[in-house]
Amino acid sequence: MNGKKLDFDWKPIALVPLLALVALPLSGSFSTWLTLTVAGLAMGMIIFIIASGLTLIFGLMDVLNFGHGVFIALGAFVASSVLGLMSDWTGSQELWRNLLAVFPAMLVAMLVAGAVGLAFERFIVRPVYGQHLKQILITMGGMIIGEELIKVIWGPGQVPLPLPEALRGSLLLGDAAISKYRILAVVVGVVVFGLLAWTLGRTKIGLLIRAGVQDREMVESLGYRIGRLFVGVFVVGSALAGLGGVMWGLFQQNLVPQMGAQVNVLIFIVIIIGGLGSTAGALIGALLVGLMTNYTGFILPTATQFASIALMVAVLLWRPQGVYPVARR
Amino acid sequence: MSDALLSLEGVHTHIGAYHILHGVDLAVPRGQLTMLLGRNGAGKTTTLRTIMGLWHASKGSVRFGAHDLTAMHTPRIAELGIAYVPENMGIFSDLTVKENMLLAARAAKSAEAMDEARLEWIFRLFPAVQKFWNHPAGKLSGGQKQMLAVSRAIVEPRELLIVDEPSKGLAPAIINNMIEAFGELKRSGVTILLVEQNIFFAQRLGDSVAVMDNGRVVHSGSMADFSADEALQQSLLGLAL
Amino acid sequence: MLSRLLSNDLPRSRLLALLLAVLVLGLAFAPFIFPGVKALSVAAKILVFIVLVASFDLLLGYTGIVSFAQTMFFGIGAYGVAIAATRLGAGWGALAIGLGAALALSLVLSFAIGLFSLRVRAIFFAMITLAVASAFLTLASQLSDFTGGEDGLTFKMPALISPSFEFADEPFLGVSLDGRLLCYYLLFVVAVGLVLALLRIVNSPFGRVLQAIRENEFRAEAIGYRVVVYRTTASVLSALFATLAGAMLAVWLRYNGPDTSLSFEIMVDVLLIVVIGGMGTIYGAVVGAVLFVIAQSYLQDLLRIASEAVSGLPWLAALLSPDRWLLWLGLLFVLSVYYFPTGIVGRLRARASR
């Protein structure tokens with residue numbers, strides 16, 4: 001085995017603990033800091049689940065989907081209906097019963113979001129491949145249509161999405177109260193990241209995606225129909241957004257039809273920080289945004305949205321293409 | 001005179017508003033190495049890209065064996081057995097050398113499934129490929145990348161190899177390596193269409209030659225005849241081989 | 001003389017010229033042709049939107065920059081006037097101060113945004129402006145001491161343009177001659193002035209360079225134009241005009257809140273108008289704004305009727321509900337981008353040149 005070290009760009013990863021450390025003195029107490037940090041990581045994981053799809057779609061297909069938010073909202077609302085049907089399971093105190101209700105809800109949400117994603121790609125995105133301006137306009141239009149259709153089906157007002165009984169409340173770690181649900185969110189996030197990393201790193205399809213992000217033409221010249229891959233990635237990306245929507249909804253315990261548009265902005269900030277096309281970058285961006293939002297939410301509530309923007313500006317001044325820019329031909 | 005594996009007839013190609021190819025007629029004989037020569041801007045790269053379907057001919061036809069490639073999509077053209085090494089090499093720099101090769105080996109589902117014997121042969125031709133097997137391809141030097149690009153094209157047997165300036169920017173020692181490799185490939189029966197500006201390549205490897213100028217093939221014939229005719233070389237290329 | 005006024009940017013289509021003439025005359029004499037409070041409000045809204053959309057067209061249609069921050073500058077203009085009038089009273093001085101402060105703020109912000117845009121790709125820029133605009137909206141709602149929060153600010157305008165001011169006892173041609181009328185004509189004159197100014201800008205050498213940059217930035221830079229400077233200038237100009245439009249809105253409504261000027265819905269409206277009217281034409285803003293505002297105001301009534309007519313089918317009634325106006329807007333928008341990319345003005349000009 002050669003002893004040559006493969007140099008690896010570790011600086012962006014270091015940003016996450018760095019931010020956490022900076023926030024420690026500002027949080028007042030260690031237990032507060034711990035609660036906030038776990039909350040931030042959990043939020044970050046959920047955002048990552050949603051953003052990962054979008055960054056791959058952009059990286060691979062050069063498609064800017066300003067309407068990604070519609071899948072988030074759709075997933076959340078579908079889950080609310082499914083969970084509504086299973087109220088006796090969610091009302092139970094037993095964890096396994098709760099999980100047996102939540103996981104199918106997530107699955108259905110992902111299926112529906114994926115199916116709508118299929119239609120979205122076919123009818124809204126495909127006709128404008130390669131034309132960025134039109135893509136921005138049309139996908140934005142698609143989101144508006146989606147949001148209105150959600151209002152038609154589920155009504156224009158708030159829809160509650162209460163957490164199942166056993167997932168409520170917190171675990172006590174010394175002085176720190178760590179919400180049970182947030183732990184679940186981190187677990188799910190890690191699982192999703194693991195699956196994505198495995199698929200991208202160890203399977204041939206993952207190889208195709210990574211190569212396609214860099215040089216679509218060459219992949220075609222090697223004999224692969226990348227068009228079909230596009231659709232697949234779009235559908236998976238939409239399904240992931242649906243999953244993220246469910247988790248976000250359970251986070252807020254309350255759904256509004258505009259939630260897609262609201263989360264959209266956060267997602268964009270995340271993938272810009274991460275670098276369009278980079279999954280690892282999306283994870284770092286998401287964790288940073290999650291932590292930032294929670295820290296400022298405690299320290300200086302009015303500045304929360306601006307804090308994330310300031311973070312993005314700071315990152316772009318350091319690396320204008322994001323932390324892990326994808327090398328494009 | 002062997003039959004033509006690949007033939008272009010009256011091919012015109014437009015890129016946007018620019019009319020680049022003005023009726024290209026080209027025949028690539030089976031089992032031979034055909035050199036495509038010409039000054040910069042003559043349309044050589046455009047011709048190769050048109051064959052691969054990356055740009056579509058607006059007029060004329062491209063035939064490969066019994067297939068009509070003119071309006072076909074690139075992946076299908078590649079599937080028919082044509083391997084393309086573009087001018088910029090098309091290396092995926094974020095992927096390792098192994099992953100680059102695996103991608104090119106369409107039939108292999110994983111790295112272990114790649115043809116061992118074939119890989120041994122490639123490693124013998126281009127030792128650098130084996131040396132940097134697990135390294136990101138972006139870390140390779142220009143010459144090594146070029147070798148990787150050619151290795152990719154031959155990791156599985158193909159009927160036709162289309163190569164665009166493989167020796168560009170390479171050191172002379174590496175160019176010799178390249179020439180030997182192509183020589184072996186030729187002997188193994190692969191048909192090759194090579195665009196090159198390097199003199200030695202042309203002389204040592206070429207069986208047939210086609211010279212392009214202003215989007216047309218202005219001369220074609222055997223390399224032997226072309227090499228003997230200095231006046232023709234001067235007028236077409238501005239230099240003697 | 002007319003062509004000098006229009007900076008040599010003639011309609012180039014008889015149908016378009018006719019349409020524009022009708023629209024301009026219609027707006028000029030709106031109080032007399034369409035009596036009633038609602039009609040005048042619609043006309044005023046049209047004037048405001050013409051200026052706002054035209055400012056956006058300068059950025060999108062001529063410079064090729066997609067920015068979602070337009071409503072932010074619109075809001076700054078509106079809030080500038082609103083806050084000044086609330087705190088400094090209903091005088092011309094207050095109005096001037098508010099407008100001045102708003103323009104200054106917009107200048108600084110758009111300058112910063114313009115400079116920043118050149119460090120990042122166009123797509124990044126679009127997303128960043130979206131984020132900034134949305135943050136601004138939240139800010140406006142949160143700083144309620146300053147901005148009136150969700151409820152907004154209600155204020156008075158100088159006496160001359162207030163409804164209570166009457167400068168003649170008898171109505172003229174059925175229209176009472178009061179401050180409201182004067183206010184309308186103030187808006188009209190300002191709108192005409194601003195549109196002509198924009199025409200002057202886009203048809204100047206500066207405007208031509210913008211279009212060159214839009215077509216091929218690399219080449220423009222290679223020829224020697226400093227793209228940075230042009231793009232930033234265009235951003236600033238666009239923002240200033242949007243700010244003025246916001247001020248116009250506040251002056252007319254004598255009220256301003258987050259939803260009135262900063263909402264995402266307004267951004268969508270602007271996008272729709274510029275696409276339907278025709279990008280890169282300025283006239284498109286005029287035609288599009290008129291069509292859109294009239295449709296929006298009166299079509300909701302139509303939807304209401306339709307919805308009641310099909311009340312037997314609840315899902316269809318829900319789809320046709322006037323509250324779901326945005327759904328149909330969105331559909332229209334998507335269809336326009338596909339099938340109508342050059343907009344009305346583009347289509348009319350294409351027909352004329354055939």
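No lab work stands behind these numbers, since they all come straight from the coordinates. Keep in mind it's a predicted model, so treat the numbers as computed, not measured. All Cβ positions, even for glycine, are placed from backbone atoms using ideal geometry, and neighbour counts span all protein chains on display.
Mind computing the radius of gyration and Dmax over the alpha-carbon atoms of segment C:267-354? Å is fine for both.
15.2, 50
For labels at C:F218 and C:S164 in the simple 7 Å Cα→Cβ model, what's the distance in nm?
Inter-label distance under the simple model: 6.5 nm.
Name the residue from C:M72, C:A96, C:L199 whose Cα lies farthest towards the positive end of the charge dipole of segment C:34-353, charges +1 on Cβ of Lys and Arg and -1 on Cβ of Asp and Glu.
So the residue furthest toward the plus end is C:L199.
With contacts defined as alpha carbon pairs under 8 Å and 6 or more residues apart, what's the relative contact order of chain B in percent?
On the way: 447 pairs, mean separation 63.9, N = 241.
Worked out over chain B, it gives 27 percent.
Before rounding to the nearest 500, sum -39500 (n - 2.57) across all DSSP H runs of length at least 4 in chain A and divide by the residue total; then give [θ] at 222 nm in deg cm²/dmol.
-24500 deg cm²/dmol
Summing Lys, Arg as +1 and Asp, Glu as -1, what charge do residues with Cβ under 15 Å from the Cβ of B:L102 carry, B:L102 excluded?
Working: positive: A:R202, A:K204, A:R210, B:K98, B:R106, B:K109, B:R118, B:R152; negative: B:D94, B:E99, B:E112, B:D115, B:E116, B:E156.
Taking every other residue near B:L102 into account, the sum is +2.
As a footprinting exposure proxy, order C:R200, C:R349 by other Cβ within 10 Å, with the fewest listed first. Walk me through the numbers on the way to the answer.
Working: C:R200 16, C:R349 20.
Fewest-to-most ranking of C:R200, C:R349: C:R200, C:R349.
Place a point 7 Å from Cα of A:W198 in the direction of its Cβ. Which residues in segment A:28-63 have their backbone N less than 18 Å from it?
Under 18 Å, as judged by backbone N against the label point of A:W198, lie A:49 of segment A:28-63.
Between B:A231 and A:H132, what is the label-to-label distance in nm when each label sits 7 Å out along the Cα-to-Cβ direction?
Placing both labels 7 Å beyond Cα along the Cβ direction yields 5.6 nm.
Treat segment C:153-237 as a sphere of radius equal to its Kirkwood radius over Cα pairs and apply Stokes-Einstein at 4 °C in a medium of 1.567 mPa s; give the translational diffusion coefficient in µm²/s, rounded to a whole number. Walk me through the numbers before you get to the answer.
Working: Rh = 16.4 Å.
Answer, rounded: 79 µm²/s.
So what is the relative contact order for segment A:30-258, in percent, with contacts set as C-alpha pairs under 8 Å and at least six apart?
Values: 334 pairs, mean separation 98.3, N = 229.
RCO, segment A:30-258: 43 percent.
Would you mind checking which residues have amide H under 5 Å from B:G60's amide H? H placed 1.01 Å from N; only 5 or more apart, or other chain.
Excluding prolines and chain starts, which carry no amide H, the hits are B:H12.
Please arrange A:V315, B:V218 by counting, for each residue, the other beta carbons lying within 10 Å of its beta carbon, fewest first.
Values: A:V315 23, B:V218 13.
Placing the least packed residue first, the sequence is B:V218, A:V315.
Please compute the Kirkwood hydrodynamic radius of segment B:1-106 from all pairs of different C-alpha atoms, in Å with one decimal.
On the way: mean 1/r = 0.0666 Å⁻¹.
About 15.0 Å, per the Kirkwood formula over Cα pairs.
Enter the per residue convex hull volume of the protein assembly as shown, computed from alpha-carbon coordinates, in Å³ rounded to the nearest integer.
Details: hull volume 194.3 nm³, N = 924.
It comes to 210 Å³ per residue, whole-number rounded.
Limiting things to C-alpha atoms, what are the Rg and the maximum Cα-Cα separation (Dmax) for segment A:30-258, in angstroms?
My reading of the Cα-based Rg and Dmax gives 18.9, 60 Å.
When averaged across all projection directions, what area in nm² does the alpha-carbon convex hull of segment B:155-217 cover? Write out the running numbers ahead of the final one.
On the way: hull surface 19.8 nm².
The directionally averaged projection comes out at 5.0 nm².
Over segment B:1-137, what relative contact order in percent results from Cα pairs under 8 Å that are six or more residues apart?
On the way: 174 pairs, mean separation 26.5, N = 137.
With pairs under 8 Å counted, the relative contact order is 19 percent.
Let a ≥ b ≥ c be the square roots of the eigenvalues of the Cα gyration tensor of segment A:145-202; is it rounded (a/c under 1.5), or, if not, prolate (a/b larger than b/c) or oblate? Working shown, then result.
Values: a/c = 3.85, a/b = 1.21, b/c = 3.19.
Because a/c hits 1.5 or more and a/b fails to exceed b/c, segment A:145-202 counts as oblate.
When N counts the residues of segment C:34-353, how does its alpha-carbon radius of gyration compare numerically with 2.2 N^0.38 Å, as a ratio? The partial results should precede the final answer.
Details: Rg = 20.5 Å, N = 320, 2.2 N^0.38 = 19.7 Å.
So the Cα radius of gyration is 1.04 times the expected 2.2 N^0.38 Å.
Can you give the Kirkwood hydrodynamic radius of segment B:89-157 from its Cα pairs, in Å with one decimal?
Working: mean 1/r = 0.0864 Å⁻¹.
Computed over segment B:89-157, the radius equals 11.6 Å.
How do C:Y79, A:Y224 rank when sorted from fewest to most other Cβ atoms within 10 Å of their own Cβ?
Numbers: C:Y79 30, A:Y224 22.
By the 10 Å Cβ count, ascending: A:Y224, C:Y79.
Quick one: what are the phi-derived ³J(HN,Hα) couplings along segment A:50-67, Karplus 6.51/-1.76/1.60 with θ = phi - 60°, whole Hz, x for glycine and proline?
6, 6, 4, x, 5, 5, 5, 4, 5, x, 7, 9, 6, 10, 9, 9, 6, x
With r defined as the distance between the Cβ atoms of B:R216 and B:A66 and R0 fixed at 22 Å, what FRET efficiency is calculated, to the nearest 0.05? Kindly include the intermediate steps, with their values, before the conclusion.
On the way: r = 26 Å, r/R0 = 1.20.
Computed FRET efficiency for B:R216 and B:A66 comes out at 0.25.
Taking a 31 Å limit on the Cα-Cα distance, which of the listed pairs B:K59/B:K98; A:K134/C:K156; B:K131/B:K186; B:K98/B:K168; A:K151/C:K156; A:K134/C:K45 fall beyond it? Numbers along the way, then the final one.
Numbers: B:K59/B:K98 40 Å; A:K134/C:K156 42 Å; B:K131/B:K186 25 Å; B:K98/B:K168 24 Å; A:K151/C:K156 37 Å; A:K134/C:K45 27 Å.
In this structure, B:K59/B:K98; A:K134/C:K156; A:K151/C:K156 lie more than 31 Å apart at Cα.
According to a simple spin-label model (label point 7 Å from Cα along Cα-to-Cβ), what is the distance in nm between B:F123 and B:K168?
Taking the two extended label points, one gets 3.1 nm.
Once the convex hull of the C-alpha atoms of segment A:187-228 is built, how many Å³ does it hold per residue, rounded to a whole number?
Details: hull volume 2.9 nm³, N = 42.
That works out to 68 Å³ per residue.
Please work out the Kirkwood hydrodynamic radius for segment C:28-89, using every pair of different C-alpha atoms, and report it in angstroms with one decimal place. If you can, show how the numbers build up before the last one.
Numbers: mean 1/r = 0.0723 Å⁻¹.
Computed over Cα pairs of segment C:28-89, the Kirkwood hydrodynamic radius comes out at 13.8 Å.
Rounded to the nearest 500, what is the 222 nm mean residue ellipticity of chain C from helices alone, with -39500 (n - 2.57) per DSSP H run of 4+ residues and division by all residues?
On the way: 18 runs with 259 residues, N = 354.
Counting only the DSSP helices, I get -23500 deg cm²/dmol.
For chain B, just the Cα atoms, rotate onto the principal axes and tell me the three extents in Å, largest first.
For chain B, the Cα spread along each principal axis is 48, 38, 35 Å.
If you bin every alpha carbon distance in segment A:239-329 into 5 Å steps from zero, what whole percent lands in each bin?
Once binned at 5 Å, the Cα pair distances of segment A:239-329 give 3, 14, 20, 24, 20, 13, 5, 2, 0.
For every other residue with a beta carbon closer than 14 angstrom to the beta carbon of C:V290, add +1 if it is Lys or Arg and -1 if Asp or Glu, then tell me the sum.
Working: positive: C:K45; negative: C:D269.
Result for the local shell: 0.
Just to check I understand the Karplus step: with θ = phi - 60° and J = 6.51 cos²θ - 1.76 cosθ + 1.60, what whole-Hz values come out for segment C:294-310, glycine and proline as x?
Working through the residues one at a time gives 4, 4, 4, 6, 9, 6, 4, 5, 4, 4, 4, 4, 4, 4, 5, 5, 9 Hz.
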